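To keep things clear, I will list the structure first and then write my remarks on it.
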Amino acid sequence: FFANFASWTSGASRIVVWTDDIIFRGPASEQELFVFQANKRFPGCTVTDGTTLLGHTVKQHANGSLTLDCQNFIQTSAQKFDCTALPWTPLPTGATPHRTTKDPFNPERTKQYQQLTGTLSYIASTSRPDIAYAVSALGQVAKNPGKTNLKHAMRTLGYLNRTRNYTIRYDTCNGTNTLTAYCDASYADSLQHRSQTGYIIFFNGGPVSWRSKCQHYATLSTQESEIVAACDAAREIQYLREILSSWNATDNWNLLPTTPTVLYEDNEGAINFFETGLVTSRNKHFATKLEHIRRLLSEDRIIELRHIRTDEQRADILTKALANAAQSRHMDKILTKQFTRNVQALLTDSGQAQQRTSGML
């Protein structure tokens, strides 16, 4: 169907398909033709304004900026799971994944937990990087969760409901596109004593790629865990720049930045390791990672490493459960708060619900 439709158009249209959801952008005449042909092939097709897709809302503002949010999906999910708590952080400060061995296996609790973490995972991977660590931690006990684990999952959903007015915002480029990245790692705080990698990459002010994951093997020092995280971030930067370069070649969109992507790292030892290239008995087992980063730094000029203070490290939110002050500080740098009448009413009228669920906060 799409191959045939491409032959009917002028080539100025763009089609994005996800299962049975389609976004079409092009001349009005071709839009009408597309809807007509789609209904002939797939009866029952409906047409919307194109601002919503898969539970998310995309808005273009008068100044040219774009915002992406999933407020309605979060609210619907909170109602589905009967979540009334409104905590300030996704997890208690310093919380790490653990199994409650005292709780026997409960099929109903496990089913509810897996459904809930699946919902949280979708939200975290599409529009809310601030809960990526919580989702990573919750997913490590999905096979046999205890009561405390379910309580933490409900807390994360309640946090989303409280902060559902936060959106991803992409600013206009003003002739120059920017791609910047932050990477960080916690040290040996998972169930298998593995470190947690976290990175987040911004394009024109808004996050386009982020990840929080347990590293594949146990690192032997904080510096080594930071080096592993930097390598993961560097590979993602390389991939994103290749995508932008391909769009430059095929569509002449001029999206690829002309300067190296700045990668912010808060561990000076890791930066010195990459810059000096000194291989010793303590680091020779990951010398291949050194060569990869050094090539991107010196030969290809794809990335540029810069040191940043820990309290300004935006990827910190992807490596551990932070206190309220740190969580809010990083959120305000990653996402944009948009006040609406409904959210203001929610925060104003939530006192009774807050008191009823104080044990979860």
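The values are calculated or read from the model by the stated rules, or taken from the named source; none is laboratory data. If you're wondering where the values come from, they're calculated on a predicted model, not measured in any experiment. So basically every Cβ, Gly included, is an ideal-geometry build from the backbone, and we count neighbours across all protein chains shown. Side chains are part of the model used for accessible areas, which takes the heavy atoms of the whole protein and leaves out ligands, DNA and RNA. Shrake-Rupley method; radii C 1.70, N 1.55, O 1.52, S 1.80 Å.
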Of the residues in region 62-78, those that are surrounded by 11 or more Cβ atoms within 10 Å (Cβ to Cβ) and without any contact (Cβ under 8 Å) to a residue 40 or more places away in the chain come to Asn72, Thr76
Pick from region 207-224 the residues that are open to solvent by less than 20 Å² (accessible area, probe 1.4 Å) and free of Cβ contacts under 8 Å to residues at least 40 places away in the same chain: which of them is nearest to the chain's Cα centre (by Cα)? Ser209
Every residue in region 23-79 that is β-branched (Val, Ile, Thr) and either part of a strand (DSSP E or B) or on the phi > 0 side of the Ramachandran plot (or both), please. Ile23, Thr52, Thr57, Val58, Thr67
For Leu305, the lone unmet condition from (1) under 20 Å from Ile200 (Cα atoms); (2) buried (at least 21 other Cβ atoms within 10 Å of the Cβ) is (2)
Residue list for region 232-280, filter: under 21 Å from Glu299 (Cβ atoms), open to solvent by less than 70 Å² (accessible area, probe 1.4 Å), in contact with a strand residue (DSSP E or B) (Cβ under 9 Å, 6 or more places away or on another chain) and not in a helix (DSSP H, G or I): Leu256, Pro257, Pro260, Thr261, Val262, Leu263, Glu265
Unique match (being part of a helix (DSSP H, G or I) and either under 27 Å from Thr222 (Cα atoms) or touching a Phe, Trp or Tyr at 6+ places or on another chain (Cβ under 8 Å) (or both)) among Asp184, Asp130, Asp189: Asp130
Considering only region 167-178, I want to know if a residue exists there that is open to solvent by less than 10 Å² (accessible area, probe 1.4 Å) and among the small types (Gly, Ala, Ser). no
Answer with yes or no whether Arg294 is among the basic types (Lys, Arg), farther than 30 Å from Ser127 by Cα and open to solvent by 20 Å² or more (accessible area, probe 1.4 Å). yes
Just checking, which of Phe286, Phe273 is of a type in the set (Phe, Trp, Tyr) and in contact (Cβ under 8 Å) with a residue 60 or more places away in the chain? Phe286
So Tyr159 passes all but one of these: (1) of a type outside the set (A, V, I, L, M); (2) assigned to a helix (DSSP H, G or I); (3) under 15 Å from Ala321 (Cβ atoms); (4) open to solvent by 10 Å² or more (accessible area, probe 1.4 Å). Which condition number does it fail? (4)
Can you tell me which of (1) surrounded by fewer than 15 Cβ atoms within 10 Å (Cβ to Cβ); (2) at pLDDT 85 or above is the one Trp18 doesn't meet? (2)
Flagged in region 191-206 as crowded, with 18+ Cβ neighbours inside 10 Å and of a type in the set (S, T, N, Q), in numbering order, are Ser195, Gln196, Thr197, Asn204
